[in-house]
1. Against the longest principal axis of the chain, how steep is helix 34-51, in degrees 0 to 90 to the nearest 10, with axes from Cα atoms?
2. Would you mind counting up the charge near I63? Only other residues with Cβ under 15 Å from its Cβ, with Lys and Arg at +1 and Asp and Glu at -1.
3. Pop out the carbon and sulfur fraction of the accessible area of the chain as a percent, whole number, probe 1.4 Å.
4. What does the helix-only formula give at 222 nm for the chain: each DSSP H stretch with n ≥ 4 adding -39500 (n - 2.57), the total divided by the residues, and the result rounded to the nearest 500 deg cm²/dmol?
5. What shape does the stretch 11-52 have by the C-alpha gyration tensor, where a ≥ b ≥ c are the square roots of the eigenvalues, rounded means a/c under 1.5, and otherwise prolate means a/b greater than b/c and oblate the rest?
6. Which three extents, in whole angstrom, do the alpha-carbon atoms of the chain cover along their principal axes, largest first?
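The values are calculated or read from the model by the stated rules, or taken from the named source; none is laboratory data. Predicted, not measured: the structure shown is a model, and the values here were computed from it. Cβ atoms come from the backbone with ideal geometry, glycine included; neighbour counts cover every protein chain shown. All accessible areas refer to the heavy atoms of the entire protein, side chains included, with ligands and DNA or RNA removed. Shrake-Rupley method; radii C 1.70, N 1.55, O 1.52, S 1.80 Å.
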Amino acid sequence: MASYAQPGSITAAGFLLVLSALAWAPLVNDFLLQVMGLLLLVYVVFALLAIGGRRKARSIVTIAATLLMVQLLPFAWWGFTNSTPSSVGQDTAVVDILAIAASCAGLLLLYLRGNDAYFHNSEERRRLRRASRRR
């Protein structure tokens, strides 16, 4: 019988991914509300589904994280190079860099070699549960 216990690295990955979303939320709310807000919501929902062992959710959260990082990375640059007083300051830049680092670390933890067995076992367990309901 395979072990279905969630590895600690998956739990840590979920914590880091949600933490990065919370850090990005003020940036998205202030500057890029419409599409980026929806993308941030997709990021959080699929991060939580990935923690639950869904392999496709792991792929989608990776794509969403990449899109978020590409869109929000300029705030880190502007925060340090902007000499005029504006809402994008050094504190915004630091928060953005920390959120990007937390997101990268969370994604790295999701894709550790030993975690593939957890995702496979979770999918197998869901498949068996669906099959037993159909009987």
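1. Rounded to the nearest ten degrees, it is 30.
2. On the way: positive: R54, R55, K56, R58; negative: none.
Neighbour charge sum, excluding I63 itself: +4.
3. Working: 5390 of 8080 Å².
The nonpolar share, carbon plus sulfur, comes to 67 percent.
4. On the way: 5 runs with 110 residues, N = 135.
Mean residue ellipticity at 222 nm (helix-derived): -28500 deg cm²/dmol.
5. Details: a/c = 5.20, a/b = 1.82, b/c = 2.85.
It is oblate, given that a/c is not under 1.5 and a/b is not larger than b/c.
6. 66, 28, 17
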